[in-house]
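Quick notes on the structure that follows.
Only the coordinates and a few stated rules stand behind these numbers; no lab work does. Just so it is clear, the structure is predicted and the values come from calculations on it, not from any experiment. As a convention, Cβ positions derive from the backbone with ideal geometry for all residues, glycine included, and neighbour counts pool all protein chains shown.
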């Protein structure tokens, strides 16, 4: 699409706040932070006593960088306040009678923990999802088949509210029942799909097994989130080729919904900087890093009512670019989306490796399938327990290729691009487990 046409389409959907200059935006953020922190000083069962212990007062916040005087809030801090006698924990700031929604974490690393929304918060949530939908050119002529999970979790309902707000017809399909998903898609002519990258690729595979070509369907746009992938160049290219549609990345978490989303330029996910103040910090030291440098995203709610968080350690590794986008938006972008989680990073002979980097190489190899696993076992560790290589499992798509040749080629690619040794295991197509929610790429077998 020509740049002039792209900009015209993007600007026609632009919310004014998305194009504020940086100085105006930062003045807005500082004013909102002062309001929010003053409210927490009065009403929060967690932050009010914390601020008193630190001897910290909101008057100390004279600039955005002064927020660094406060400690990070981590998931362990949140979970520690939840007890059988206090199941709502200490972070819910609004009165219970004002809280109209509660969602839960998946419980993969701890007991499922709740997050809360007031009516104001739900409206905010829907408006932000609508903002991303408009930025991707979605509107009243679209039928959106939403394949994010709806049960207990947070993904599906926010997307549904946002797409409805831009006038689209939404099918709340969820992330199960592949057969019905395919029948619905082809019967009713869905034009937009949303789901995790792993489920979107799985669905294309299943469409092909039924003798149909996903690229000949009515789908023209795909929005993906829930796991890294949609911003990985090779994954995006493969999905767009499979479906004959443009694909867009979206990023959110239970605690902040949504955080960022692609625009038509596909040059990075725009942070909702009027909703959350974003910092990018070194994963080890916690010190701020410059734009263009990978670091952990840390977020602070600017206007959340039910359970605002201050300096929330997301654990997600990102690269920020604060320069204006070709689409006309000035909010900072996360280039390459989420590169991985700080706790998913593998260190192989001193080299930091994220699963997404391996995925890019797998998806660039046409003879290989879409699924892969990184296996942690005794074959990749030395006597001291440190990783000496990668063990990668992939599937063979091209039946004419020799598995040994495919393994050798991927091992060479990993060595060349990632600077580490690898053992590649090539399996028949369909061997690895398919995911309908978030794919598990790192498995431990010791």
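Against the chain, whose longest principal axis is taken from its Cα atoms, helix 155-165 shows a tilt of about 80°. Share of antiparallel DSSP beta bridges in the chain, in percent to the nearest 5? Roughly 55 percent of the beta bridges in the chain run antiparallel, per DSSP. Within the listed set 323, 83, 178, the residue fluctuating most in the Gaussian network model of the chain (springs between alpha-carbon atoms under 10 angstrom) is 83. Taking the average, over residues, of other Cβ atoms within 10 Å as the packing measure, peptides 20-26, 392-398, 190-196 rank 190-196, 392-398, 20-26 from highest down. The stretch between residue 291 and residue 409, if pulled fully straight at 0.36 nm per residue, gains 39.0 nm over its current Cα-Cα span. Maximal additional length on extending the residue 100-residue 72 stretch stands at 7.3 nm, based on 0.36 nm per residue less the C-alpha distance.
The fewest-to-most ranking of 289, 424 by surrounding Cβ atoms within 10 Å reads 289, 424.
Calculated FRET efficiency, residue 88 to residue 402, Cβ-Cβ distance, R0 = 56 Å: about 0.45 to the nearest 0.05.
Provide the FRET efficiency to the nearest 0.05 for the residue 164-residue 382 pair, computing r from the beta carbons and using R0 = 56 Å.
0.55
Using only the Cα atoms of segment 98-196, build the gyration tensor, take square roots of its eigenvalues as a ≥ b ≥ c, and label the shape rounded, prolate or oblate: rounded if a/c is under 1.5, else prolate if a/b is larger than b/c, else oblate. Here segment 98-196 falls in the oblate category.
Going from the fewest other Cβ atoms within 10 Å to the most, the residues 375, 318, 280, 100 appear in the order 100, 375, 280, 318. Helical runs assigned H by DSSP (4 residues or longer) give the chain a calculated mean residue ellipticity at 222 nm of -9500 deg cm²/dmol, each run adding -39500 (n - 2.57) before division by the residue total.
With a ≥ b ≥ c taken as the square roots of the eigenvalues of the C-alpha gyration tensor of segment 237-358, please select rounded if a/c is under 1.5 and otherwise prolate if a/b is larger than b/c or oblate if it is not?
Here segment 237-358 falls in the oblate category.
Here the gap between residue 180 and residue 423, fully extended at 0.36 nm per residue and compared with their Cα-Cα distance, gives a gain of 83.6 nm.
Once you order the gyration tensor axes a ≥ b ≥ c over the Cα atoms, which shape class does segment 358-441 get: rounded for a/c under 1.5, otherwise prolate or oblate by comparing a/b with b/c? Numbers along the way, then the final one.
Values: a/c = 1.85, a/b = 1.31, b/c = 1.41.
Judged from the Cα gyration tensor, segment 358-441 comes out oblate (a/c at least 1.5, b/c at or above a/b).
By other beta-carbon atoms within 10 Å, ranking 75, 388 with the fewest at the front produces 388, 75. Which parts of segment 414-431 would a label at residue 351 reach, counting a residue when its backbone N lies under 18 Å from a point 7 Å out along Cα-to-Cβ? Those under the cut-off are 414-425. Using the Cβ-Cβ distance between residue 81 and residue 58 with R0 set to 25 Å, the FRET efficiency from 1/(1 + (r/R0)^6) comes to roughly 0.70. Taking the longest Cα principal axis of the chain as reference, the axis of helix 178-188 is set at about 80 degrees.
Summary value for segment 1-331: 19 percent relative contact order, contacts being C-alpha pairs under 8 angstrom separated by 6+ residues. Please report the antiparallel percentage of DSSP beta bridges with both residues in segment 104-247, rounded to the nearest 5. Beta bridges within segment 104-247, antiparallel portion: roughly 5 percent.
Using equal-weight Cα scatterers in the Debye expression, the normalised intensity of segment 1-331 in log10 at q = 0.10, 0.14 Å⁻¹ is -0.61, -1.16.
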